[in-house]
Structure formats: C-alpha cells, structure tokens
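See structure below.
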Amino acid sequence: MKKLSFKNYFGYGMGDLANSLTFGMSAGFLLAFYTDVLGITAAAAGTLFLIARIWDAVNDPIMGGLADKAFVKRLKKLNGAGRKAEKFRPYLLKGSWPVIVAGILMFIAPANFTMTQKLIWAYVTYIAWGMTYTFINIPYGGLAAVMTQDPIERSKLSVSRGLGSLFGSIFPRVLVPIFLVQFAEEQAKAWFIIMIILGLIAFASYIVSYLTVEEKVETKAEAQSKFKISDSFAVLAKNRPFQSISLASIAMLTGLLIQGSVSIYYFRDNLGALELMGLTGVVMIVPMLLVSPVAPKLVRNFGVKKVTWVSSLISAALFAILFALPDNVWLYLAGTLLASFFMMIPNMIVWGMVSDCIDYNQYLSGSRQEGAIYGLYSFVRKMGQAFAGFISGVGISAFGYVAGAAQQSQTTLTGIKFLSLGVPAIGMAIAFLAYFFIWNLTPEKQAEVTAAISAEA
C-alpha cells in the first residue's frame, strides 16, 4: 500500500482544525455567553448541555451506522459503474456548511425574548449544532482507519489531527478576549462577529481537507454487517482497548473542558486579567509543538500503554500541585503549560488508538464497522462533554456565581479555581488508571491483529 504523503497528513489535520473552531466556541465560551449575554442561569445552561448529550447517546451511534450502511449502497452502485467508492471523504464537503450555520446561530442572542423563549432558542440552536457536528465529525474520524493500516502512520495521523485541533482551538481563545474588550458595551455584536470570522475559516479548512485526503484502504461490502445499535454497544463488552480509551477519554475531557469552560471566569474574576487570556493559546501551542514530533517515536519505542499511563499520571500530579498554590496569572500560565505538555501526549495519540480498536473489533468478530465504532467513541467523548457542561454550569451556580457582579465571593472564587485546576487533576488520575489497568493491546498482539485482518483482505 502506498505510503501517506505530507499532503495527506496536512489535509487530515485541516479537517479537525475546522471541526475545532465551532467545537472550541461551544466547549470554551458558550456557558459564558449564556449567562452573561443571553441571560439564562448557569444551572439552566448546565442542564441543557446534559440533555443535549443524552440525545447524542442515540444520534452518534446511528450516524456511524448509517455511514457504514450508506457506503455499502454507494459501493455497489459505483463499482458497477467501474468507479471507486469513498466511504467518509464526501462528508467533509456536504457536512461543512450546516455545522457552520448552526454554530453561528448558537451565538446569537435575540432581543426582547422572554426567559422561556430564550431557553427554547438555546435548546434548538445548541442541539441543531450538535447534530450537524455529528454529521461531519463521525465520518471525519472514521477517515483515519481507511487512510492507512500502518500503526506508525496512524499515530502520525493522530498527531496531525491533534495539531489541527490545537490550532483550531487557539483561534477562539485569541479572538474572544480581543473582541470582548473592543466591544465591551456591545457584547452580543462581538460574539456574532467572532462566529462569522470563524465560520469563514472553517469552510476554507474543510475544502482544503476534502481536496487533500485520500482513502487508500479498500473496504469490501462483505466486511460491513447490518447496522444495529445493540451491536455498537456490544463492542464495550468484549473490546478492552475500547473500554480503556472510553473511560480515559470521559475523564480527560471532563477535566479539560471544565477547565476551558470556566477559564474566562478564572481570568476575569480570580486573576483580574481577562486581557491576558489570549496567552492560553501560547500555553496550548508550545506543548503541542514539542509533543507532535516525539509522540510517534515514544509509541514506537515504549508502546501505547506505557506512554499513556506515565504521561497521564505526571499531568495529574502537576494539576494537583498547581491547585494547591496561590492564584497568580504567570504561575498559572507556566504551570498549565507544563501540565498540558504531559496531558497532550495521550490526547494526541488517542485517535490512532481508536483505529487500533477498530482493527481489534474486526479481529474478534470479523466485522470492521468503522462508522459505528467511531460513532460509539464519539458518543463516549460527548459524555465527557456532557459531564463537563453540566458540572461547569451547576458548579458555577452552586458556588454562588452572580452574573455581572463587580466582585465574586471568596467561596465562588475558590470554587472556580477547583473547577479550573482540581477537576483536571482528578480527570487525569482516572485516565492513568484506565490506561494502566485496562488497555491490553501490546505491540506483539497488535502485530498479530494486523496480520490476521490483512490475510482476510
């Protein structure tokens, strides 16, 4: 099989750059937009996040299964015409504009709405964004499994995706504080302008990704079984590697997204330095640039298991130490830079691990079901998002946050700090346990799996 080119890696990364623009706004700033601009309570917002993710429990696996099922029909049709059928790449084109439009609507605050109307608007636009995000993100994630079967190339694809995600998440972190300070008296206008800019960048990035990725692994119709939701969830019962990344991802994402969601509160209320929040983009990009060239080498030399549990344990310890130290903006930036370095190692290689889980599923059952399995993993990650959104909203409310107050109480400030640093420490500790005790796919076993499924092709 022909090796992946730089163009392929670059294009795959651009796809998640686009995904991360609207996702980064949702995960990092939607709670603040809801409480401070739209005018709904933090608890109501947290409940919305939880309910929307419950819907994703149904929506994500269905989308993955439908992608598998649609491919079988497309394969038969195009093969009969002598043309190659692509399974996931077409979704980059047809799924791009719906998620961008839904993302813009999500950050619009209609004037003169009653509280009930505001809640309805929030529910409709947020759930619409979630469904359109699923429509493009699940097929995008499945692309890695059909681009290559080589574990090292998959780890490089995972790094490319991580870099794309990083750069995509930096744009919101830089733009939001700039525009909120610039339009201090017109906050609703600031959010709308931000989303228009990000929407244009996202659309261009999706087009670049569509034009540069290639599906090189041939998938036969016979390898696709009839889709059933029960079959997707049955993966959890027999696939220990999938169990491991599921638990670790829920824990890591819960901690990471809570930190991102409350960072605007932490910088503004605890540190009194909202204008410096854009520096968190530097804190994110430096560790990623350092990790990206070494992550595949670490996997090759030490194996996935050791790399993930060691880095998760170190990150957990660093976040815990940082929580115990006094509030200081420069200490926070330096400490999170170091903790993020180790946290990003498992985050960067996890997408390659999902592809390993797909191979392992075929090895166990004879059925690949890339779309269904990735859909289930997407659901797992959205459970982390759900817990993060719910805990952030309810937590901010429980700690006594008062929107628009010149000074928050000490209880509120301590609670914000715990959400920003204490919860990530707990999340990374759980990830360590998942990788250390549950992941059982050794390099030797992985080679056996690859050989077995290659023999079936």
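Summary of computed values
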read-out	value
Simple label model, 7 Å out from Cα along Cβ direction - residue 115 to residue 187, nm	1.7 nm
Cross-link pairs beyond the 26 Å C-alpha cut-off, checked among 238/382; 216/382; 94/216; 382/417; 2/238	216/382; 2/238
Ranked list, fewest to most other Cβ atoms within 10 Å of each Cβ, for 417, 306, 2, 382	2, 306, 417, 382
Volume per residue of the C-alpha convex hull in the chain, rounded to whole Å³	129 Å³
Area projected by the alpha carbon convex hull of region 73-213, averaged over all directions, nm²	11.0 nm²
Table column - 3J(HN,Hα) (Hz), region 256-265, Karplus curve with 6.51, -1.76, 1.60, x for Gly and Pro	5, 6, 5, 4, x, 5, 9, 4, 5, 5
Helix 187-212 axis, angle to the chain major axis (alpha carbon atoms, nearest 10°)	10 degrees
Mean separation of Cα contacts under 8 Å (6+ apart) over length of region 6-456, as relative contact order %	30 percent
Table column - 3J(HN,Hα) (Hz), region 95-110, Karplus curve with 6.51, -1.76, 1.60, x for Gly and Pro	x, 5, 5, x, 5, 5, 4, 5, x, 5, 4, 4, 10, 9, 10, x
Degrees separating the helix 151-182 axis from the principal Cα axis of the chain, which is the longest one	20 degrees
Whole-angstrom Cα spans of region 319-457 along principal axes, big to small	66, 27, 22
Inter-label distance, nm, simple model (7 Å from Cα along the C-beta direction), residue 402/residue 276	2.6 nm
Value at 222 nm in deg cm²/dmol, rounded to 500, when DSSP H runs of n ≥ 4 in the chain each add -39,500 (n - 2.57)	-26500 deg cm²/dmol
Dipole magnitude (debye, nearest 20) for the chain, charges at Cβ of Lys, Arg, Asp, Glu	1200 debye
Between helix 115-147 and the chain: long-axis angle, C-alpha atoms, 0 to 90°, nearest 10	30 degrees
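None of the figures in this text is laboratory data; all of them are computed from the coordinates on show. Remember, predicted model here, so these are calculated numbers, not experimental data. All Cβ positions, even for glycine, are placed from backbone atoms using ideal geometry, and neighbour counts span all protein chains on display.
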